[in-house]
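Contents: one structure, followed by commentary.
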Amino acid sequence: MTTATADRLRPARPRLTVDWSDVALNVYIGVFFLYLFLPLLIMVLAAFNANDTPSVTDWRGFTLDWFTGRTDAAGNLVVKGLPQEDRFIQGLGHSLAIAAGVIVISIPLGLSGALVLTRLETRATTLLYTLLVSPILTPGIVLGVSTMIFWRDYFALEAGLLTTMIAQGTFIASYCMLMFMARLQRQDRVLEEAALDLGASSFMVFRRITLPFLMPTIATSAVIAFLQSIENYNTTFFAIGGSWTLVTEIGSRMRFGLSPVINAIGVVFVVFTVTAAVIWTLARRRELARKAAA
Amino acid sequence: MSNLTRTYGPFLTGLVLLLTGVWIIALIILPQVNLIDRAFVYVPRGGEAQQAALELERAQQRIATIDFDIRATEKEIAQAASGGGSAGAGGAPSPSNPFAPGAKIGSSNVVRPGMPTPGLAPPAAPPEQRLKTLETERAELQGQLGGLKERADRLKAEQQAATGYSLRNFTTMSGLHWRIFGMTLVYSFSVTVLCFLVCYPIAYAVAQTRSPERVALLMLGLVIPYAINELLRIFAWVMILANRGILNQLLDTLGILDLAQGEAVHWVASNGAVFCVMIYAYILFMVFPIYNTIETLDRNQIEAARDLGASTWRIHWRVVLPHAKPGIAVGSIMTFMLSAGSISVPGLVGPGLHPDWFSQIIYRNYFEAGNWNIGSAQALLLLVACTLFILAVMSLFRVSVREIAR
C-alpha cells in the first residue's frame, strides 16, 4: 500500500485547525444578515417612539399611540394613529378588492395557459411559452401604462381599481401558470386515460381527477397571487389613476414626509410576515420529515 | 390539440383555448401594440401653434377696440366742432359711449386706463392728438397682422403635417432625457453586478449548509425581508438617510457634524442613495434563483474537484458557477428589470432632490405633462432595453427561455 492510497482513504482534511475561509464566510453571512435586518429593526423600534418624526436616536419615550391614536380627556383626537387614518383603511379595502379580482383573473388564465403548454404539442409551443411568461420579464411600469392606455383608448375605461386588477392579473397569471405547469408535469396521465376508458365523461375527468390533483397548487397560487397583488407598487402606481391602495398610499405619504404611522403599518406587516414565514417553514419541515419517513 | 380534446372534451378544451387566447391577445399583445402605435404617432404639443393663434386673435381684438375708440373720438371731435355744448346737454348717449351718462352722474374720478373717456371733462389729451396715436397704433398692428396670421397658419399646418407615423417622439426627446436613459441603464447594470457579487457567497453558503435546522433558519432569514413590502424596506432606509435621520444623528454623536447648527449630509439628494437603497430593495431577487440552482449541485462534485487538487477559485469557476448559470441569468434579469423600471426607489428616496431616473420622466410625461405618446415612446425604449438585456444574458449564459422562467 502506497502512501497515496493511504492518503485518499483518510478523511479529506482533519478539521483540527481553524478553517479561515469558513470563518470568513460565516462572518460575511453575519454581516449580510445584519445589513438585511438592521434597517427593519430600526423601522420597528421607531414605531414605539413618542417622537413624531420616526427616529430611534431621538428617543422620547415608549408609546403605542401610532397604533391606536390618542384622545385627550375632552375626547378630541390628539394623536392620529392607524385607526384614524381613513385613507390607509380605505386603501386596504381597495388592496383587498384588487387582490380578490387578481386571484379570480389569474388562476383560470394561469391554469389554461399551463394546460395549453403542457398538453398541446404544437411547434408554436416555445413561442407561446415566451409570450405567456413575457409579462414577468416586462418592467412593471410598462405593464401598468400599456394596460392603462389600452383600456382607456379602446373601452373608455378610466384608470382605477379595475385597470389595476387587469394589469396585475396579466403578470400574476404568468406566475400561476408556471406553478401549474410544474404540477402538471408531475401528473400521472394514466389516471385520466383509465377514467376515460371506464366511460367517464371528459367533464368528469377534469372535475374528479385533474382538479383534485391541482388543488394544492390552486391554493398556493391563490396565496402567491394575493401576496403579489397586495405588495405590488410599480405596476399599480401607473394603472391606479385617481384611486389608491394601501401600498400607493404609503408611497404618497412618504413623499410628504415621514410619519410614525407608516412605522406602525410596517410593524403590522412585519408581524404578519414573520408569523406566516415561520408557519410556512414549520409546515415544510413537517412535510419533509413525513416524506423522509415514508 | 387532439390530446386536449380527447381528455377534456370540446367544451373544456374550447374554454381553455379561449381563456389563453384572451390572455395573450387582450392582456399581453394588444396593450403593447397600442403602446408601440402611440410611440410612433407624434402629436405636437400644440403649445406653439396655439400660442400663435392666440397672439393673432389678441391683435385682431385690439384692432377692433382701437376702431371703436377712433370712431368715438371722431364723433367727439365732430360734436365739439358743431358747438359741442348742445350735444352734451342733449344727453343723447352715443352708442359708442355707453358710459357717458353714468360718468356724468357718478363720481368724476373714475378713470379707466385704456378706455377713451369722451364724456369726461377734462380729457387727458386733446381729441385730435388721441386720434393720431390711436391711428398709428392701428396701422402698426395691421402691419403685424399679416405676419402673425402667416405664422399661425404655418404652425397649424406643421402641426397637422407632423401628426401621423414618424420617429419624432424619439427624435424630439431632449439630450438630457437621453442622458438620463443612459444613466439609468448604467446604474441598473451596476446594481445587478453588485447584487450578484454580494449574493453569490450567500447563496453558496446557504446551499452548502448541511444541517437542516441551520438551512431552515437561514432561509427564514432570507424569506422574511423578501416578503416584507418593498416600500417598507425603502422606508426603513429613508429613515436612516434622511437629513435628520439616523446616519446623520450618528455622525452628530460622533462629533463629525453638528445637526443643531444645521449641518447635515444630504444623503438622499444623491444618486448614490438611490443606488444603495435599490441594492437593498432588489438583492433578494438575486439570492433565491442562484440558491435554487446551486442547491441542485451534487456536493460530491465539489469534493471531487477539491480532492483532485483544485483551488477554491477554480472550484467555483469550473464547477459551481457553470452549474449556477441559469440561476445567475434569472437573478440578473430580474434585478436589472426591476431596477431599470423602478419608480418606487427613485420616487421615494429624496424625491426631486437627486437627478431623475428614467421611470420618473415616463411618469411625468403621462401624469403631469399629459403627453401620452412621448411617454409611450419612452416606455417602449425601456422595454426594448430590458429585452435586449434579457437576450444578451441568454446568449452570454447560453440558457433558453424555458430555463429562465421556471
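The values are calculated or read from the model by the stated rules, or taken from the named source; none is laboratory data. This is a predicted model, so every value here is computed, not measured. Note that we place each Cβ from the backbone using ideal geometry, even for glycine, and neighbour counts take in every protein chain shown. With ligands, DNA and RNA removed, areas are computed over all heavy atoms of the protein, side chains included. Shrake-Rupley method; radii C 1.70, N 1.55, O 1.52, S 1.80 Å.
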### Query
Of B:308, B:232, B:30, which has the largest mean-square fluctuation in a 10 Å C-alpha GNM of chain B?
B:308
## Note on the structure
In nm, the gap between the two label points placed 7 Å beyond Cα toward Cβ at residue B:296 and residue B:260 is 6.2
### Query
Roughly how big is chain A's charge dipole about its Cα centre, with Cβ charges of +1 (Lys, Arg) and -1 (Asp, Glu), in debye to the nearest 20?
900
### Query
Relative to the longest principal axis of chain B, what angle (0 to 90°, nearest 10) does the C-alpha long axis of helix B:284-295 take?
20
### Task
Counting other Cβ atoms within 10 Å, keep those with at most 13, restrict to DSSP loop, and tell me which trypsin sites (Lys or Arg not before Pro) in segment A:30-81 are left.
A:60
### Task
Keeping all protein chains in place, calculate the accessible area per residue for the protein assembly as shown (probe 1.4 angstrom), answer in Å².
50
### Query
Most mobile of A:194, A:114, A:167 per a Gaussian network model of chain A (Cα springs, under 10 Å)?
A:194
### Query
What nm value, rounded to one decimal, do you get for the distance between residue A:68 and residue A:50 when each label is placed 7 Å out toward the C-beta?
1.4
### Message
A drop of at least 30 square angstrom in accessible area, chain alone versus all protein chains together, probe 1.4 Å. Which residues of segment B:15-54 meet that?
### Response
B:16, B:19, B:20, B:23, B:24, B:27, B:28, B:31, B:32, B:34, B:35, B:38
### Message
Cut-off 10 angstrom, C-alpha nodes, Gaussian network model of chain B. Which of B:241, B:396, B:284 fluctuates the most?
### Response
B:396
## Note on the structure
Log entry, pair B-A: total buried accessible area, probe 1.4 Å, protein chains only, in Å² rounded to 100, is 8500
#### Entry: Theoretical ellipticity at 222 nm over the protein assembly as shown - DSSP helices of four or more residues, -39500 (n - 2.57) apiece, nearest 500
-23500 deg cm²/dmol
### Accessible area (Å², 1.4 Å probe, nearest 10) - residue B:156
120
## Note on the structure
Ranking A:23, A:57, B:340 by how far each Cα lies towards the positive end of the charge dipole of the protein assembly as shown (+1 on Lys and Arg Cβ, -1 on Asp and Glu Cβ), the top one is A:23
### Distance (nanometres) between label positions extended 7 Å along Cα→Cβ at residue A:59 and residue B:174
4.9
### Task
State the Cα centre-to-centre distance between segment A:220-267 and segment A:62-110 in whole Å.
11
### Task
Place a +1 charge on the Cβ of each Lys and Arg in segment B:174-404 and a -1 charge on the Cβ of each Asp and Glu, then give the dipole magnitude about the Cα centre in debye, rounded to the nearest 20.
580
### Task
For segment B:295-334, give the percent of accessible area contributed by carbon and sulfur heavy atoms, probe 1.4 Å, rounded to a whole number.
53
### Task
Report the accessible area of residue B:168, computed with a 1.4 Å probe over the heavy atoms of all protein chains in place, in Å² rounded to the nearest 10.
100
### Summary
Residues hit by the 20 Å² burial cutoff in segment A:27-43, accessible area with a 1.4 Å probe, assembly against chain on its own, are A:28, A:29, A:32, A:33, A:35, A:36, A:37, A:39, A:40, A:42, A:43
### Query
If you look for lysine pairs in the protein assembly as shown that are eight or more places apart or on different chains, how many of them have Cα atoms under 30 Å apart?
5
### Query
What dipole magnitude, in Debye to the nearest 20, does the protein assembly as shown give about its Cα centre under +1 on Lys/Arg Cβ and -1 on Asp/Glu Cβ?
1820
### Message
A drop of at least 50 square angstrom in accessible area, chain alone versus all protein chains together, probe 1.4 Å. Which residues of segment B:346-380 meet that?
### Response
B:348, B:363, B:367, B:372
## Note on the structure
Quick tally, 1.4 Å probe accessible area for B:180, A:149, sorted with the most first, runs B:180, A:149
### Query
How many percent of the accessible area of chain A is carbon or sulfur, using a 1.4 Å probe?
66
